[in-house]
Amino acid sequence: MRTAYSVETVRAAERELMARLPEGALMQRAAAGLAAACAELLGRAHGRVYGSRVVLLVGSGDNGGDALYAGARLARRGAGVTAVLLAPERAHAAGLAALRGAGGRAVGTGGGEALIRRADLVVDGIVGIGGKGGLRPDAVPLAEAAERSRAAVVAVDLPSGVDADTGEVRGTALRADLTVTFGTHKPGLLVDPAREYAGSVRLVDIGLELPAEPVLEALQHADVARLLPVPGAESDKYRRGVVGVAAGSARYPGAAVLAVSGALRGGAGAVRYVGPAARDVIARFPETLVSDRGPKHAGRVQAWVVGPGAGDDAGPVAEVLAADVPVLIDADGLRLADVSAVRARRAPTLMTPHAGEAAALLGVEREEVEGGRLAAARELAGRYGATVLLKGSTTLVADPGADPDARAATAVRVNPTGTSWLATAGSGDVLSGLAGSLLAAGLPPLDAGSAAAYLHGLAARFAADGAPVGAHDVAEALPAAWRDVVRG
């Protein structure tokens with residue numbers, strides 16, 4: 001499992017480690033890892049480090065010190081290294097001396113853009129993990145020059161101008177091809193929009209001792225494999241769980257079909273469908289158990305999925321929310337669900353909004369949710385007392401206890417799989433059915449949501465393979481994604 005920790009936690013761990021190490025040893029560890037990554041990048045691009053032109057963008061403080069020490073190592077290997085000092089009077093003195101001693105040089109910002117145009121590699125050491133807001137005005141021209149140049153850009157710990165704790169980008173930020181981060185991932189490296197600026201991320205172990213509970217975690221294949229239900233010798237369709245799907249309408253019958261398609265591939269033993277699209281569902285999936293008597297009279301289920309394509313019919317939503325089983329609410333169901341009814345539920349609830357739906361529920365603009373996805377997921381989970389799966393370029397799953405200020409906050413899950421081709425009509429309906437089936441099979445909502453998102457994103461990659469896909473293609477690729485996960 002990949003984990004991320006807050007700036008405060010990282011700072012505390014660094015202080016504790018520095019107290020046990022010789023002065024400067026921790027920075028040397030970081031610089032060694034940074035220099036090795038830069039050398040590898042130069043080797044791939046140019047076949048050598050010797051003779052390469054490297055520009056360091058150096059701010060004040062330790063982030064700039066890391067860049068200077070790494071630059072010194074590259075200079076000793078024959079690279080031509082120039083540090084552009086954004087605050088010469090506050091540059092890391094020992095790092096600057098090391099660079100000059102190795103044959104590198106330092107200049108002010110005046111000629112920085114011309115140097116960047118000729119560079120093979122630009123190292124972003126402007127702002128560290130404590131930075132807030134976008135780049136300062138004097139750094140913006142350098143960031144823009146780096147983006148226009150042909151040079152590879154390597155960020156030190158995280159790209160300058162992004163928020164390490166939230167993933168927000170409030171202003172201009174420097175876009176990297178590679179981010180070399182130290183000790184642990186920071187949330188901003190895993191959550192958009194900041195994640196988009198990080199490029200590939202390499203983690204360098206510098207010996208930090210971190211607490212057991214991170215603020216953010218990303219499941220990997222092995223983690224998901226441990227969560228997925230496996231029927232035993234005594235299992236039958238009812239012991240494996242039955243998921244009910246209350247979805248679709250005369251206008252949107254396809255939403256019901258797609259939700260059922262996901263549910264049938266999610267590990268539960270049977271799927272009950274309730275709604276006006278029964279004929280369409282049976283035509284596509286004859287194994288589905290259908291009913292036209294409403295959720296209360298559909299028969300026993302271990303979990304409900306409600307809302308995809310429901311239109312304006314609030315009745316099924318209210319009936320499902322009154323059920324004493326786990327419930328997943330999606331699409332129209334999110335709009336029709338009364339917040340007090342959701343909060344009053346004793347059984348688990350999983351809500352699966354996209355950014356627009358989350359914005360409507362929170363009473364804010366969509367751009368605010370997209371720019372602060374982590375905060376939005378946490379706030380929505382707290383407001384509804386439900387687990388929230390916030391879909392999008394970065395899919396997040398937050399339990400109600402995910403408030404970082406809470407004494408025993410639970411980690412938010414970030415989904416590492418997916419493809420931009422997944423932004424297609426109906427794909428969220430497939431995800432809802434899949435997650436609902438995992439709920440019916442017995443997974444808690446945090447696990448059901450994050451495992452479903454992982455499989456869904458992986459299936460989309462398999463189905464797309466570089467080309468456009470439809471939601472039905474994603475559903476049909478779910479068995480292949482499941483097999484890939486469990487086989488490792």
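Points to keep in mind about this one:
- Restricting attention to the stretch 300-318, the residues being without any contact (Cβ under 8 Å) to a residue 40 or more places away in the chain and either more than 33 Å from the chain's Cα centre (by Cα) or not in a loop (DSSP other than H, G, I, E, B) (or both) number 2.
- Number of the condition not met by A70 [criteria: (1) at pLDDT 95 or above; (2) open to solvent by 10 Å² or more (accessible area, probe 1.4 Å); (3) closer than 17 Å to V180 by Cα]: (2)
- First in the stretch 17-29 and assigned to a helix (DSSP H, G or I) and open to solvent by 70 Å² or more (accessible area, probe 1.4 Å), second anywhere and at pLDDT 95 or above and not β-branched (V, I, T), Cβ under 6 Å, 6 or more apart: M18/L26
- The residue of the stretch 128-164 that is least open to solvent (accessible area, probe 1.4 Å), among those that are free of Cβ contacts under 8 Å to residues at least 60 places away in the same chain, not small (G, A, S) and not in a loop (DSSP other than H, G, I, E, B), is V153.
- Residues that are part of a loop (DSSP other than H, G, I, E, B) and within 27 Å of R378 (Cβ to Cβ), drawn from the stretch 196-239: G199, L208, E209, L210, P211, A212, E213, P214, V215, L219, Q220, L228
- Some residue of the stretch 196-203 being at pLDDT 95 or above, open to solvent by 80 Å² or more (accessible area, probe 1.4 Å), in contact with a helix residue (DSSP H, G or I) (Cβ under 8 Å, 6 or more places away or on another chain) and acidic (D, E): no
- Some residue of the stretch 237-247 being without any contact (Cβ under 8 Å) to a residue 60 or more places away in the chain and of a type in the set (A, V, I, L, M, F, W, C): no
- In the stretch 247-289, the residues that are within 34 Å of the chain's Cα centre (by Cα) and part of a strand (DSSP E or B): A270, V271, R272, Y273, V274
- The number of residues in the stretch 115-173 being out of contact with any helix residue (DSSP H, G or I) (no Cβ under 9 Å at 6 or more places or on another chain), farther than 25 Å from A31 by Cβ and of a type in the set (A, V, I, L, M, F, W, C) comes to 1.
- Verdict on A98 being in contact (Cβ under 8 Å) with a residue 24 or more places away in the chain and closer than 21 Å to V204 by Cβ: yes
- Filter pass, L328 being crowded, with 18+ Cβ neighbours inside 10 Å, modelled with pLDDT of 95 or more and within 14 Å of G382 (Cα to Cα): no
- Counting the residues of the stretch 57-95 that are part of a helix (DSSP H, G or I) and either in contact with a His (Cβ under 7 Å, 6 or more places away or on another chain) or in contact (Cβ under 8 Å) with a residue 24 or more places away in the chain (or both) gives 18.
- Residue list for the stretch 3-44, restricted to those being closer than 20 Å to D177 by Cα and not small (G, A, S): L34, C38, E40, L41, L42, R44
- Pairs, first buried (at least 16 other Cβ atoms within 10 Å of the Cβ) and part of a loop (DSSP other than H, G, I, E, B) in the stretch 108-127, second small (G, A, S) and at pLDDT 95 or above, C-beta under 6 Å, six or more apart: A119/A151; D120/S52; D120/A151; I126/G59; I126/A139; I126/S160; V127/G59; V127/S160
- Residue count, the stretch 165-195 (criterion: open to solvent by less than 20 Å² (accessible area, probe 1.4 Å), more than 17 Å from T395 (Cα to Cα) and assigned to a loop (DSSP other than H, G, I, E, B)): 5
- Selected residue (only one of S60, S52 is among the hydroxyl-bearing types (S, T, Y), surrounded by 14 or more Cβ atoms within 10 Å (Cβ to Cβ) and modelled with pLDDT of 95 or more): S52
- Looking across the stretch 221-250, the residues that are at pLDDT 95 or above and loosely packed, with under 14 Cβ neighbours inside 10 Å come down to A222, R226.
The values are calculated or read from the model by the stated rules, or taken from the named source; none is laboratory data. Note that this is a predicted model, so its numbers are computed, not measured. All Cβ positions, even for glycine, are placed from backbone atoms using ideal geometry, and neighbour counts span all protein chains on display. Areas reflect the complete protein model, heavy atoms only, side chains present, ligands, DNA and RNA absent. Shrake-Rupley method; radii C 1.70, N 1.55, O 1.52, S 1.80 Å.
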